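The values are calculated or read from the model by the stated rules, or taken from the named source; none is laboratory data. It should be emphasised that the depicted structure is a prediction, and the values quoted were computed from it without experimental measurement. Note that each Cβ is placed from the backbone with ideal geometry, even for glycine, and that neighbours are counted across all protein chains shown.
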Amino acid sequence: MLSVIICDDCCELNDALFQIVEHYFHQKEIPVLIQQYDDSQKLIEAMPAFDIMFLDIEMPQYDGIEVARAFREKSSWGQIIYVTNYAQYAQKAFSVHAFGYITKPVNEASIRSILDEALKYLEKKPPRDRFSIMTQQGVKHVAIEDIYYFETYERKVRMVCKDGKYVFKGTIEETYKKIDQSIFACPHQSFLVNFLHIDFLKGYDIFIDNGDLIPISQKRTVAFKKKYYDFLEDTYYMI
């Protein structure tokens, strides 16, 4: 079941969006849970999981950009669609990895069109699978999208993710066999990198969006870059 959030402090627009979105998914015969919020602070406090979010930009307490940043700190999953009166907010919207924006007054055609695009993207994006490891503290479950990379560490493997670093028994080769190989690749025998968190490539270096730098071995450069650029081409909606 898909999860859709609508957050707009204008109740009339909020309800109009609800009706359009509900009708859209009903026609598509896609199960959906739609949650409505008219208060950005309550939305941040609840922090519900979502696949698609319609988010007003100008709201009391927290504006839409601040709301998006709060959600992105927790997870990169989910498509944020801004609903705004002002086209000049588009640049800020994309700075927090928004999927797109539509201008008010909204109409059913524009909503249906952007939902079509969002669904195409969600079909391509890797599922919210978890990767589980055994650490000294016990079993640790981490969402695939929250993992930056794995690295060889004192004859073990260290997983670097959004909430910290965790060491577990194994090798990079064994880890690669257990994980989604469509979004991970080994640029070096000692590293396994998540394409979702590559900021950019430069020469023989990979710049990760958490600020870390990972080397690409010369003999793996061509194959690694090809796989990465193929990934970008297949998932261009996320850029």
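The residues in region 16-58 that are without any contact (Cβ under 8 Å) to a residue 12 or more places away in the chain and farther than 18 Å from residue 116 by Cα can be counted, and the count is 3. Applying the condition of being closer than 20 Å to residue 144 by Cβ and among the hydroxyl-bearing types (Ser, Thr, Tyr) to region 39-76 and asking which residue is surrounded by the fewest Cβ atoms within 10 Å (Cβ to Cβ) yields 75.
Hey, could you check region 182-217 for residues that are aliphatic (A, V, I, L, M) and in contact (Cβ under 8 Å) with a residue 60 or more places away in the chain and say which is farthest from residue 230 (Cα to Cα)? Even if it seems obvious, please write down each step before you answer.
Restricting attention to region 182-217, the residues satisfying the condition of being aliphatic (A, V, I, L, M) are 183, 185, 192-193, 196, 198, 201, 206, 208, 213-214, 216.
Okay, now just the ones that are also in contact (Cβ under 8 Å) with a residue 60 or more places away in the chain, so 196, 208, 214.
Details: 196: 13, 208: 18, 214: 20 Å.
Step by step, filter region 182-217, then rank; the result is 214.
In this entry, residue 193 is excluded by the filter for residues that are more than 17 Å from residue 77 (Cα to Cα) and more than 24 Å from the chain's Cα centre (by Cα).
Residue 110 meets the conditions (1) in the same structural domain as residue 58 (by TED's automatic domain parsing); (2) in a loop (DSSP other than H, G, I, E, B); (3) modelled with pLDDT of 90 or more in every case but one. The failed one is (2).
For region 25-38, which positions are aliphatic (A, V, I, L, M) and either touching a Phe, Trp or Tyr at 6+ places or on another chain (Cβ under 7 Å) or surrounded by 16 or more Cβ atoms within 10 Å (Cβ to Cβ) (or both)?
Result: 32, 34.
Residue check: residue 160 meets all listed conditions (1) touching a Pro at 6+ places or on another chain (Cβ under 9 Å); (2) of a type outside the set (S, T, N, Q); (3) at pLDDT 95 or above but one, namely (1).
Quick check on region 110-125. Is at least one of its residues surrounded by 14 or more Cβ atoms within 10 Å (Cβ to Cβ) and more than 25 Å from residue 50 (Cα to Cα)? Scanning region 110-125, I find no residue that is surrounded by 14 or more Cβ atoms within 10 Å (Cβ to Cβ) and more than 25 Å from residue 50 (Cα to Cα), so the answer is no. Residues in region 141-161 that are in a strand (DSSP E or B) and within 22 Å of the chain's Cα centre (by Cα): 141, 142, 143, 147, 148, 149, 150, 159, 160, 161.
Condition first: in contact with an Asp or Glu (Cβ under 7 Å, 6 or more places away or on another chain) and assigned to a strand (DSSP E or B). Can you find one or more residues in region 162-175 that meet it? No, region 162-175 contains no residue that is in contact with an Asp or Glu (Cβ under 7 Å, 6 or more places away or on another chain) and assigned to a strand (DSSP E or B). At least 3 residues being modelled with pLDDT of 90 or more and in the same structural domain as residue 110 (by TED's automatic domain parsing) is the threshold, and among the helices (runs of 4 or more DSSP H) wholly inside region 1-97 those reaching it are 11-28, 40-46.
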